[in-house]
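Okay, structure first, notes after.
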Amino acid sequence: VQLQAFGGGLVQAGGSLRLSCQASGRTFNNFRVGWFRQSPGKEREFVSAIIWGGGSTRYADSVKGRFTVSKDSALNTVYLQMRALKPEDTAVYYCAVTQTIWSELHDRQRYIYWGQGTLVTVSS
């Protein structure tokens, strides 16, 4: 599976962005799709995940209520809608896929394919 994440950019605090993750080579069927982010000097951290088949979602506490993950089956695309952005949301955002269980969706070690990342910069 080849993943491409895009949609990043520069936005002011309080603004919104929508990231997209597209798969090529195969569909997202039977996968769980996660979003992670990494800021300079920090470890890559879990942001959100969606189970492609059922649509169940999971969020990190830091983004809950502000970010929404969704999918478009026809386009084989997963979205991350980000609202009320804060400067601390500044990071490179990655999408990735896994087949792991629900309780391990936050664990980046469980993800097997990764996209190249897209930079989100939130100015204060």
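The values are calculated or read from the model by the stated rules, or taken from the named source; none is laboratory data. Note that the structure is predicted; figures quoted are calculated from it, not measured. Cβ placement follows ideal geometry from the backbone for every residue including glycine, while neighbour counts extend to all protein chains displayed. Each accessible area value is taken on the protein alone, full model and side chains, heavy atoms only, with ligands, DNA and RNA left out. Shrake-Rupley method; radii C 1.70, N 1.55, O 1.52, S 1.80 Å.
Think of each Lys and Arg Cβ as +1 and each Asp and Glu Cβ as -1; about the Cα centre, that makes the dipole of the chain roughly 120 debye.
Apply the Debye scattering formula to the range 55-124, with a single equal point scatterer on each alpha-carbon and no solvent, then give log10 I(q)/I(0) at q = 0.11 Å⁻¹. These q points yield log10 I(q)/I(0) values of -0.30.
Each of Q38, I112, F28 was scored by the projection of its Cα onto the charge dipole of the chain, and the greatest displacement toward the positive side belongs to F28; charges sit on the C-beta of Lys, Arg, Asp and Glu. For Q12 and Y113, the difference between the fully extended length at 0.36 nm per residue and the C-alpha to C-alpha distance is 33.3 nm. Based on the Stokes-Einstein relation at 25 °C and a viscosity of 0.890 mPa s, and on the Kirkwood radius from alpha carbon pairs, the chain is assigned a translational diffusion coefficient of 173 µm²/s. Sites listed here are GluC sites (Glu not before Pro) in the range 1-103 whose DSSP assignment is loop and whose Cβ has at most 15 other Cβ atoms within 10 Å: E43. The apolar share of the surface of the chain, taken as the fraction of accessible area on carbon and sulfur atoms (1.4 Å probe, ligands and nucleic acids excluded), comes to 46 percent. Straight-distance candidates among the lysines for linking to K42, with alpha-carbon spacing under 21 Å and chain neighbours fewer than 8 residues away dropped: K64, K86. With protein chains left intact and a 1.4 Å probe, residues in the chain average 50 Å² of accessible area per residue.
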